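The values are calculated or read from the model by the stated rules, or taken from the named source; none is laboratory data. Nothing here was measured: the structure is a model prediction, and the numbers come from that model. A quick note on method: Cβ atoms are made from the backbone with ideal geometry, for glycine too, and the neighbour counts reach across all protein chains shown.
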Amino acid sequence: MQNDGRVLSILVEGNSLGGISLGAVTWDLKQIVLHSPSEHTFGGRQVPLEMQLFHGLAGEPLTPKATAVVSMGFVASPQPLFFLESLRQGGLPDQVGTSSMVNRQTPAALNFRQLFNSTFLEYSGSLTMPPCSTGVRWFVRSQPVPAKLAALDDFRHAIRSMSSLHQDHPGNARQLQSFAASMKVIERTTQIVEGSAAARDPEFERAAMEAETESDSLASSLHTSEQEKEEQEKEKKYQACAMEINIVRQKLESAKAQISVECGSLEQARSTLPTVGQGLTRIQFLKRIYGLDQLCKANKAVEKRLEKELATWRSHCSKLKTTSPPEQTQEQSSEESSEQPISDSD
């Protein structure tokens, strides 16, 4: 990771980290860039950190019109985010002109998939750094990603080393711009495209093969009966299913909280509109209302999708459930009784 005095960034060689696709169009990941505070707002507010994944059309020169940027914000949470923990492993370059090797030791890994399970907002905009060329496709994650406060503080500290004494606020975020472009709300905007085989680490591949061989040897040395194996497999599947229910339920709670913030901000803005003056001030305020309305609708769509996903997992778990530990059964019934049906306010 490099600190060039403007951003913290990682340059990607070839398509070693894969890319994204939308329909038949594929972009390769070219650069990871970090800003603090965020250059987009979430629920009408900036968040401590924003990561921008710059992609270029596969097989074409990197120009603004061939560039797609996937952007996501991060907010403080008690739970660590494995992706950011890996990205800061080895220390961040907190001096201008320096670099450091991050994500360098097992079990660190940059698992991009965990960041893409959300609705994204797509619009046509510009680069946020000079020459600020237009025609760039932006895909902004509608909800910020929870991450440990200590990790966010590490990135903020490294980025603040770039601030000049003349800045009103420390950091490297571009000043917020008024938003006039049309937005498109997209479910599951992108699909991950795996990196090239040539980019794989042979040492890692060999270690993985050895680990798999040892695992197979251990399994073959066990003399449990076929019936015991089946029961163990059923229990594993049920426990994994119960874990998925818990994960989806937490996401649903987060989506509800986000709806409360963004839809609440929308209602407040609408109630203030009659007091807003005319001319440019009113136009900008209407644009803000439009943006909040899009975010409110997007998060309601996420809520509906998660409700369906939760119902699907519960149905799946009930089919798997034959004999389960008493504590798991009690926990599951408690969880089911605590959740109330959600009415559609649209």
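So which residues in segment 104-162 are part of a helix (DSSP H, G or I) and closer than 26 Å to Gly56 by Cα? First the steps, then the outcome.
So the first thing to find is which residues in segment 104-162 are part of a helix (DSSP H, G or I), and the list is 112-115, 149-160.
If the condition is that a residue be part of a helix (DSSP H, G or I) and closer than 26 Å to Gly56 by Cα, then Phe112, Arg113, Gln114, Leu115, Phe155, Ile159 are the ones that fit.
Annotation: of all residues in segment 135-157 being in contact with a Leu (Cβ under 8 Å, 6 or more places away or on another chain) and of a type in the set (D, E, K, R), the one that is nearest to Gly43 (Cα to Cα) is Arg141. For the residues Leu62, Leu22, the requirement of being surrounded by fewer than 21 Cβ atoms within 10 Å (Cβ to Cβ), under 20 Å from the mean Cα position of the chain (by Cα), of a type in the set (A, V, I, L, M) and over 24 Å from Ala158 (Cβ atoms) singles out Leu22.
Confirm whether Ala68 is among the aliphatic types (A, V, I, L, M), under 27 Å from Lys251 (Cβ atoms) and in contact with a helix residue (DSSP H, G or I) (Cβ under 6 Å, 6 or more places away or on another chain). Break it down stepwise before answering.
Values: among the aliphatic types (A, V, I, L, M): yes; under 27 Å from Lys251 (Cβ atoms): yes; in contact with a helix residue (DSSP H, G or I) (Cβ under 6 Å, 6 or more places away or on another chain): no.
Criteria not met by Ala68.
Just give me the residues in segment 155-175 being modelled with pLDDT of 70 or more and exposed (fewer than 12 other Cβ atoms within 10 Å of the Cβ), in sequence order. Matches in segment 155-175: Gln175 only. Counting only residues that are within 26 Å of Pro78 (Cβ to Cβ), of a type in the set (D, E, K, R) and modelled with pLDDT of 85 or more, segment 96-149 holds 2 of them. So for segment 206-227 (the condition being of a type in the set (A, V, I, L, M) and at pLDDT 75 or above), does at least one residue qualify? For segment 206-227, residues of a type in the set (A, V, I, L, M) and at pLDDT 75 or above: absent.
If only residues of segment 1-17 that are farther than 22 Å from Met162 by Cα and surrounded by 18 or more Cβ atoms within 10 Å (Cβ to Cβ) are counted, the one that is modelled with the lowest pLDDT is Asn15.
Regarding Pro48, is this residue within 15 Å of the chain's Cα centre (by Cα) and closer than 21 Å to Gly291 by Cβ?
Values: within 15 Å of the chain's Cα centre (by Cα): yes; closer than 21 Å to Gly291 by Cβ: yes.
The answer is yes for Pro48.
For segment 296-346, the tally of residues that are under 21 Å from Ala240 (Cβ atoms), surrounded by fewer than 16 Cβ atoms within 10 Å (Cβ to Cβ) and at pLDDT below 50 stands at 13. If you go through segment 18-37 and keep only what is within 19 Å of Arg137 (Cβ to Cβ) and assigned to a loop (DSSP other than H, G, I, E, B), you end up with Gly18, Gly23, Ala24.
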